[in-house]
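What follows is one structure encoded as structure tokens, with my remarks underneath.
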Amino acid sequence: MKKEIIFIMTILFFFQCESGMRAASISHDTLKVVDYVSLLTGDSIKYWDNECSWRSGFVFQKKDQRFWQYDKNRCFFIVCPQDCYPRYFLIDGDTLVVSYIPSKERPECLYLVEKILKLTEDTLIVQVIDKWDEYLPATYIKSKDQSSPLKNPPNLYNRRVPEPDVTEDKLWYMIDSICNMYRLMNACPDTMDATIRVRVNKSGKVEMGRYEKTPPDSITYPEFYSAFLLHVKNLPFKPGRDIETKETFEMEILLPCRFLTKKKWFKRLHQELRRRRKEQ
């Protein structure tokens, strides 16, 4: 009889311990979510600047758990019509979920899913979760300005992207001169097929230029590709601008560079350019 009583008490003790552990685990998870929300929102609304100045910042608001993005001019970050719709954030374990509805149950409504790698009072490090691609972690710092509201962005229909501020003739002569120089050294490819990403500041000066993808024959003709990139960096540009307000912006653009570099082709091009000038 004593053995049976001891056995029953042991079972009861085991279930009590298990239930206590479950309750503690649930309580801990709930507390973690509350802590995340509190740190993200500052218990009201909190602005987070991206460590990379040209990328968008985050805004988290505790009320209704609303989410926004903003650019370096502290304007709402809007690049497509969907960005105008309300977005909400929620915490799922150590994952930040942003959706067009206050729920994660409908995958088609998800906007962003990121793993929280670090979250403190003034630092947020997240990494996009995407089964199709890999992303580097992004670091956000608590903005020094926690009071200025976001502004509406300029009208995108009035915005013009940067463009080279040289004539077509001068641009082609520049290309021709580079090709002629390296053709004499047998260091020029027969075709140029590359895309260059450039960042143009408000004054029209190129602050960054690099090949979007490494040209496949760049190992064979490294001097040519380096010289070509340097010439692009030294080009004057018309900056990105609003044609209505005349305000200028720092913007990044992609320049496709696809043409034949053979001498006969350039000779025909020069003849065609001369013909056009005579007709004008």
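The values are calculated or read from the model by the stated rules, or taken from the named source; none is laboratory data. No experiment lies behind these values; they were computed from the predicted model shown. Note: ideal-geometry Cβ built from the backbone for every residue, glycine included; neighbour counts use all protein chains shown.
Here's a check for you: in region 206-237, which residue that is more than 27 Å from Arg183 (Cα to Cα) and loosely packed, with under 15 Cβ neighbours inside 10 Å is nearest to the chain's Cα centre (by Cα)? The residue in question is Met208. Within region 144-169, the set of residues being at pLDDT 85 or above, surrounded by 11 or more Cβ atoms within 10 Å (Cβ to Cβ) and outside any strand (DSSP E or B) comprises Gln146, Leu150, Val161, Pro162, Asp165, Val166. Inside region 82-93, residues that are aromatic (Phe, Trp, Tyr) and either surrounded by 12 or more Cβ atoms within 10 Å (Cβ to Cβ) or modelled with pLDDT under 85 (or both) make up a count of 2. Inspection of region 181-201 identifies no residue that is under 21 Å from Phe237 (Cα atoms) and in a helix (DSSP H, G or I). Scanning region 58-81 for residues that are part of a strand (DSSP E or B), in contact with a Ser or Thr (Cβ under 7 Å, 6 or more places away or on another chain) and either in contact (Cβ under 8 Å) with a residue 60 or more places away in the chain or buried (at least 18 other Cβ atoms within 10 Å of the Cβ) (or both) gives Phe60, Gln69, Tyr70. From the list Asp64, Asp29, the lone residue that is at pLDDT below 90 and over 22 Å from the mean Cα position of the chain (by Cα) is Asp29.
Of all residues in region 208-219, one or more are within 14 Å of Arg258 (Cα to Cα), of a type in the set (Asp, Glu), in the same structural domain as Cys257 (by TED's automatic domain parsing) and touching a Lys or Arg at 6+ places or on another chain (Cβ under 8 Å). Set side by side, the residues Met181, Met185, Met192, Met208 differ, and just one is among the aliphatic types (A, V, I, L, M) and touching a residue at least 60 places away in the same chain (Cβ under 8 Å), which is Met192. Can you find, within region 95-143, the residue that is farthest from Lys46 (Cα to Cα) among those that are among the charged types (D, E, K, R) and in contact (Cβ under 8 Å) with a residue 40 or more places away in the chain? In this case the residue turns out to be Glu121. For Lys46, the stated conditions hold: it is assigned to a strand (DSSP E or B), among the charged types (D, E, K, R) and either at positive phi or not assigned by TED's automatic domain parsing to the domain that holds Glu207 (or both). Within region 195-205, if we keep just the residues that are without any contact (Cβ under 8 Å) to a residue 60 or more places away in the chain and of a type in the set (A, V, I, L, M), the residue that is farthest from Ile219 (Cα to Cα) turns out to be Val200.
What residue, among those in region 128-143 that are among the charged types (D, E, K, R) and surrounded by 10 or more Cβ atoms within 10 Å (Cβ to Cβ), is modelled with the lowest pLDDT? Result: Asp130.
Going by the conditions given, is Ile141 in a strand (DSSP E or B) and in contact with a helix residue (DSSP H, G or I) (Cβ under 9 Å, 6 or more places away or on another chain)? Spelling it out, it is not the case that Ile141 is in a strand (DSSP E or B) and in contact with a helix residue (DSSP H, G or I) (Cβ under 9 Å, 6 or more places away or on another chain).
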